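Q: Sharing a structure with you now.
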Amino acid sequence: MLIKDANKIIVSLSKPEKMPGFAYGIPAAECKTGSKLRLIPGSVCHGCYAFTGNYKRFPVIVQVQYKRLESIQNPLWVEAMATVINSERVSQHKVFRWHDAGDVQDLDHLNKIFAVCKLTPQITHWMPTREAWIKDHLSRCPDNLIIRLSMTMIDQPAAGSWPNTSTVVTDGAATCPAPNQGGKCQDCRACWSKDIKNISYGKH
């Protein structure tokens, strides 16, 4: 598949300023668990960033996210995503993030992500999620994909039953260095490392 044809299918990738590479974002309003948590004060999704800032100022961003969400149903989506991620423009960064906005929709979506990761073995993929049902499928997770369960409430302890997690804390014990690095990952790749059991982000 030609890259130009693949780009037409997947619509586009996102390029978060903080991240060292590319990502793929879909509408946060369509998060299965997150859309419920967003209504609960004290949850990590309350005041979700994907409903503020540029997401709010520029409606076209959300419109594109909905087009991406629809594109997942295309039977050529897996091949197209792998083609774009394997391109020099994307693969040079060696890391990829799933869902800088949004989350896994269902098992079919998860299986397609697994397939894309298998077709891009030179890339380390990271996917944060609040969909606890994914735990039942971790045994099939490709070696180059790290799935972190994001705890639902601020200051909630990490779930010990998951191999990799992330938390949001208010006690100054955050391990993510981005706030001290101009809001950027810079050389840090902890989120993509299976050796790091839990990443804690400071509430902001």
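Q: Quick one: in segment 116-160, of everything that is more than 16 Å from the chain's Cα centre (by Cα) and small (G, A, S), which residue is nearest to W77 (Cα to Cα)?
A: Of everything passing the filter in segment 116-160, S139 is nearest to W77 (Cα to Cα).
Q: Please go through (1) touching a residue at least 12 places away in the same chain (Cβ under 8 Å); (2) in a helix (DSSP H, G or I); (3) more than 28 Å from G47 (Cβ to Cβ) for C191 and return the number of the only condition it doesn't satisfy.
A: (3)
Q: A follow-up question, please. Across segment 9-38, what is the number of residues that are out of contact with any His (no Cβ under 8 Å at 6 or more places or on another chain) and touching a residue at least 60 places away in the same chain (Cβ under 8 Å)?
A: Adding up the residues that qualify gives 16.
Q: Of all residues in segment 115-143, count the ones that are touching a strand residue (DSSP E or B) at 6+ places or on another chain (Cβ under 7 Å) and buried (at least 17 other Cβ atoms within 10 Å of the Cβ).
A: Total satisfying the criteria: 11.
Q: Scan T175, T167 and give me the residue that is among the β-branched types (V, I, T) and assigned to a loop (DSSP other than H, G, I, E, B).
A: T175
Q: Moving to a separate point now. Residues R130, R148: which one is of a type outside the set (G, A, S), farther than 21 Å from A82 by Cα and touching a helix residue (DSSP H, G or I) at 6+ places or on another chain (Cβ under 6 Å)?
A: On inspection, the qualifying residue turns out to be R130.
Q: If you don't mind, another one. Out of (1) within 24 Å of F22 (Cβ to Cβ); (2) modelled with pLDDT of 95 or more, the odd one out for G182 is which?
A: G182 satisfies all of (1) within 24 Å of F22 (Cβ to Cβ); (2) modelled with pLDDT of 95 or more except (2).
Q: Also, I was wondering about something else. For residues in segment 185-202 being surrounded by 15 or more Cβ atoms within 10 Å (Cβ to Cβ) and in contact with a helix residue (DSSP H, G or I) (Cβ under 9 Å, 6 or more places away or on another chain), which is modelled with the lowest pLDDT?
A: Among those residues, the one meeting the criterion is G202.
Q: Taking the conditions exactly as written (modelled with pLDDT under 95 and not in a loop (DSSP other than H, G, I, E, B)), does P157 satisfy them or not?
A: No, not satisfied.
Q: Sticking with this structure for a sec: Test each condition in (1) modelled with pLDDT of 90 or more; (2) within 25 Å of A190 (Cα to Cα) for I72 and report the one that comes out false.
A: (2)
The values are calculated or read from the model by the stated rules, or taken from the named source; none is laboratory data. Keep in mind that what you see is a predicted model, and the values were worked out from it rather than measured. A quick note on method: Cβ atoms are made from the backbone with ideal geometry, for glycine too, and the neighbour counts reach across all protein chains shown.
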